[in-house]
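The values are calculated or read from the model by the stated rules, or taken from the named source; none is laboratory data. Remember, it's a predicted structure, so these values are computed and weren't measured experimentally. Note that we place each Cβ from the backbone using ideal geometry, even for glycine, and neighbour counts take in every protein chain shown. When the accessible area is computed, the model is the full protein with side chains, heavy atoms only, and any ligands, DNA or RNA have been set aside. Shrake-Rupley method; radii C 1.70, N 1.55, O 1.52, S 1.80 Å.
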Amino acid sequence: MPSASSKQAALTTTTESSEAMRQALAVVEKKARNLEKRKGKLDVYKVMSESGKELNKDQLDAIAKYDEVSSNLEFAKDLAKQFQSIVQDDIKLQRKLLRREQLQRQEFVQLRIRNVLELQDLLEQLGDERVRKDFVEGTRGAVAIPEDKLKHIDMFYKLVSPTREPSEGSEKQSFPEKLSSASDHLVSLLEGRPKDVCETTYKDLKLTVDQILECGYLDNMPSNDSENGEIGRASCRERV
């Protein structure tokens, strides 16, 4: 899929071409109006000449170019019509491109939200001791994940789980600031940025997350007994 920058560049180029076409149409239409006025004067001179009125040299020279002016006027009108047709087609194309861009943007936003929800579910599920044990041991359909990588995920979980409780330590953040910070972390992970976070990088963290999602365990989770379920929920609260 083309990148956002390439799409924007293509849209900018199309917009610039459309503006150039509109400017060209304006020039042709102005030329046609001037020729229309000139032909109007020549029509008056012709009537004067045909009625027997004596014309001066400039007027006679002007009448001599009557056919040329008429031909140029028809050409300008025809050219203007062609430009108008092109501009109208271009307007339709612009609207179509805009609708397509809006649809693509909507699809991207929906996919991003889906990925965030999927990631949040994964983070919550790893708070269940039975689920965590399956990934550590690589059992019951879970891919084996080293403890240190699960620890990185636990650390990330805290970064993207903002609360309204006052921040601890010297760095005080308001809740909106916490939300903004959590959003940045989520985007960085989903994009797999090669930037340090949680004793690893977003890129490596994403590879671990992808491993967990792709193994299919979370889509077909084995049922746990009630005791393990209670332990899992308690563990999840502790991780917040």
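Could you check, for the range 37-53, whether at least one of its residues is open to solvent by 60 Å² or more (accessible area, probe 1.4 Å) and within 30 Å of SER18 (Cα to Cα)? Yes: the range 37-53 contains one or more residues that are open to solvent by 60 Å² or more (accessible area, probe 1.4 Å) and within 30 Å of SER18 (Cα to Cα). Only residues in the range 79-104 that are assigned to a helix (DSSP H, G or I) count as the first member; pair them with residues that are basic (Lys, Arg), Cβ under 9 angstrom, at least 6 apart or cross-chain, and list the lot. So the pair list comes out as LEU79/LYS31; ALA80/LYS31; PHE83/ARG22; VAL87/ARG22; ASP90/ARG22; GLU101/LYS7; GLN104/LYS7.
Within the range 199-209, the presence of a residue that is at pLDDT below 95, of a type in the set (A, V, I, L, M) and open to solvent by 30 Å² or more (accessible area, probe 1.4 Å) is excluded. Would you check which residues across the range 107-119 are among the polar types (S, T, N, Q) and either open to solvent by less than 100 Å² (accessible area, probe 1.4 Å) or on the phi > 0 side of the Ramachandran plot (or both) and list them? ASN115, the sole residue that qualifies. Taking first residues from the range 18-41 that are without any contact (Cβ under 8 Å) to a residue 40 or more places away in the chain and partners that are among the hydroxyl-bearing types (Ser, Thr, Tyr), the Cβ contacts under 7 Å between residues at least 6 apart in sequence or on separate chains come to LYS39/SER70. Count of the range 61-71 residues, restricted to those that are in contact with a helix residue (DSSP H, G or I) (Cβ under 8 Å, 6 or more places away or on another chain) and open to solvent by 70 Å² or more (accessible area, probe 1.4 Å), is 1.
Rundown of residues vs (1) hydroxyl-bearing (Ser, Thr, Tyr); (2) open to solvent by less than 40 Å² (accessible area, probe 1.4 Å); (3) free of Cβ contacts under 8 Å to residues at least 60 places away in the same chain; (4) at positive phi, yes/no style:
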| position | (1), (2), (3), (4) |
| --- | --- |
| ARG130 | no, no, no, no |
| ASP154 | no, yes, no, no |
| ARG164 | no, no, yes, no |
| PHE175 | no, no, yes, no |
| ASP196 | no, no, yes, no |
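Is at least one residue of the range 143-156 within 18 Å of LYS203 (Cα to Cα), touching a Gly at 6+ places or on another chain (Cβ under 9 Å) and of a type in the set (Phe, Trp, Tyr)? No, because not a single residue in the range 143-156 is within 18 Å of LYS203 (Cα to Cα), touching a Gly at 6+ places or on another chain (Cβ under 9 Å) and of a type in the set (Phe, Trp, Tyr).
Each residue in the range 133-147 was checked for being of a type outside the set (Phe, Trp, Tyr) and touching a residue at least 40 places away in the same chain (Cβ under 8 Å), and 6 pass.
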